Every structure is written in structure tokens, then in C-alpha cells.
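Inspection log for the structure reproduced underneath, given as C-alpha cells.
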Amino acid sequence: MLRSSHFFPLLSVIPALAVARPATGDSDTPLPLVIWHGLGDSYQADGMKEVAQLAEDVNPGTYVHIIHLDESDGGDRQATFFGNVTEQVAQVCDQLASEPILSTAPAINALGFSQGGQFLRAYVERCNSPPVRNLVTMGSQHNGIFKFQSCASSGDWVCRGAEALLRFGTWSDFVQSRLVPAQYFRDPQEYDSYLKQSNLLADINNEREEKNALYKKNLASLNRFGMFMFLDDTTAVPKESAWFAEVNQTSGEVTSLRERQLYTEDWLGLRTLDEQGKLDFETIPGQHMQLTEKLLTDVFTEYFGPAVASDDDLSRVLLKQTP
């Protein structure tokens, strides 16, 4: 998917992120929120700043950190097209672990837009320090894409450059280490090549013969995992990838997550989350990344409000009070 994303007008543009107090053990204080934007966007984009401001307005006191892979606006946008995602995830692990407020919080919440969703999931699986409490992904490609989209503008040289790389072949080492969307490309008709060559997705989906137990442990530690799919999405193909579903390109038949070996054998801990009522399958009307203020307000209220003690937390309290 090489089409660059464009955010919606939300609130009035703010000059900088609001200053917020760090999260503490006080259940009235919202946990910090980390956001990873999608392809073609940047952390300095007006839309991202508006989303951050809305998060603060809905849950006052929320400290918002927008992930960036370069200090400049152009460099951060370019990194959504070009780069080794394994190295980018490691960079984000270091970034979050060294951020003073995030690193001292008891946990953080995380919101991933489009490809930022599967990248945040990679963060949870590989690092998770600081640990993520609730993870929300919107229009993300958890089971990959099997179609690259054309660039929206002939004058977008960054996107055009990414397209040009494909002439070297999707599964070549050169492309898999440089073109970001290729690293979550997954064509079931080329599954053997995918398993052998995929730089990111085959690993974080635990699809290879040797499973990484840490990935399952970390993902299963989430308090909630909300997966949002855009009903009319024609940008992320297949759209059902947002729910880890598999789609037959010829027949269009959809194999849901719960029918897949990834779930039945619980390679990632998704079945564990589901059986605990912590895995949410949500839909959003409209095309890819068509978001409204009301929708985001509802999501921020539902997933990112002040942490409420879980059953396990309450059990520990009761045990401490038992003579």
C-alpha cells in the first residue's frame, strides 16, 4: 500500500502538544497515550496534533507522545515509506524507554493508525517497556496486504521512489530491508516466499516454524486490544486484515481469525485475549482513515480513560486484606 494518508480536519490547529502531568498510581489520572501514525503522515502534521489535543480534551491530564523516526517533518514522513521496520521498531523501543514521563508511568495506552497499528503491536511483542495496557489499531494490516496501491499524486516523489523500488522484486533482500509496505506484504499465493523473506510480518505474526514465546506472552498481557476495520476500505487490501482475517484473492472467501491456525494454536496470545473478553472486533463506516471527532471521542473514552482496577487487581487487594 503506497498511497499516502491524509488526516481529517478535527479541531483548531494547536501550536504544540499540551503539557500534561505524568501518570501515577492514582486511578483518576489517565495513563500516557502513545500514537504511531500511518503511511505518508508525520508526527508534526496538523491532523496528528489535533488528535493529540482531542485525547487531552476527552481525558484531561493525558500525556500524549506521537512517535517519530526523524526530528524533521519531511524525514519522518519519508521514514513511513523507506527504512528497515525491524530497526525502526527497535528505535521506537529506545525512544519510549528513554522518555522521562513514559518510562516512569506504570503503563501506557497505545493508538496505531493504519500501518502504525501493526508496528505498535510489534513494539508490544518485542519490547513492551513501558508496558502497554490498552492497544487500539485502526485500519491496520495485521495479516498484511496483497496489493500495493498507486501513489495518489504524480508529484509525490517520496511515494514514487517507493514504487520504483518494487522493480527489484517484493521478496528481494534489497526491497525487504528498504521499502516499508513490502515488509507487511503477504500474498497467500506466495506463502513460501513470504515465510522465507518477510522482514517483519512473518516474524511478528509467529508464522514461522520456530515460535517466539515472548511475543505471545507480551501480547496476551494486554488489558484490551481493540481492532477497528473500515467497512468500505479500498486502500488497505484486504480490509479484513484489520481483524487478522485471511481472504482468498480468487473467490473472495474470508477466513476469520477464529478459524485460523494462528488462533486455534494461539501463536500470538490472541485466543487467550479473546477467551478473557479482551479482544474487540470493531467497525468504522467509510473509507480508509475516514475518522470523525465523535468516533475518536468514543474510542478515547472507552479505551483511554483513567484506569479502572481489573479483577486481578481487586483479587490482590482482597488477598492483602485477608487476615
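Looking only at the stretch 36-80, count how many residues are more than 16 Å from the chain's Cα centre (by Cα) and touching a residue at least 60 places away in the same chain (Cβ under 8 Å). Residues flagged as more than 16 Å from the chain's Cα centre (by Cα) and touching a residue at least 60 places away in the same chain (Cβ under 8 Å) within the stretch 36-80 amount to 7. The condition (being under 25 Å from Q149 (Cβ atoms) and surrounded by fewer than 20 Cβ atoms within 10 Å (Cβ to Cβ)) is satisfied by just one residue among D73, D41: D73.
Taken as a whole, the structure places E240 among residues that are within 19 Å of Q115 (Cα to Cα) and surrounded by fewer than 21 Cβ atoms within 10 Å (Cβ to Cβ).
Being under 21 Å from the mean Cα position of the chain (by Cα) and at pLDDT 95 or above is the requirement here; does L200 meet it? Criteria met by L200.
Within the stretch 160-193, the set of residues being in contact with a Gly (Cβ under 7 Å, 6 or more places away or on another chain), touching a residue at least 24 places away in the same chain (Cβ under 8 Å) and not in a loop (DSSP other than H, G, I, E, B) comprises Y184, F185. Here S129 passes the criteria (1) assigned to a helix (DSSP H, G or I); (2) among the hydroxyl-bearing types (S, T, Y); (3) closer than 30 Å to P306 by Cβ except the one numbered (1).
For G155, the conditions (1) in a loop (DSSP other than H, G, I, E, B); (2) surrounded by 15 or more Cβ atoms within 10 Å (Cβ to Cβ); (3) at negative phi all hold with the exception of (2). Residues in the stretch 94-132 that are closer than 28 Å to T235 by Cα and out of contact with any strand residue (DSSP E or B) (no Cβ under 9 Å at 6 or more places or on another chain): A122, E125, R126. Given the structure, is S221 under 23 Å from L111 (Cβ atoms), surrounded by 14 or more Cβ atoms within 10 Å (Cβ to Cβ) and of a type in the set (S, T, Y)? For S221, the condition - under 23 Å from L111 (Cβ atoms), surrounded by 14 or more Cβ atoms within 10 Å (Cβ to Cβ) and of a type in the set (S, T, Y) - is met.
The values are calculated or read from the model by the stated rules, or taken from the named source; none is laboratory data. Source: prediction; values computed, not measured. Every residue, glycine among them, receives a Cβ derived from its backbone with ideal geometry; neighbour counts consider all protein chains shown.
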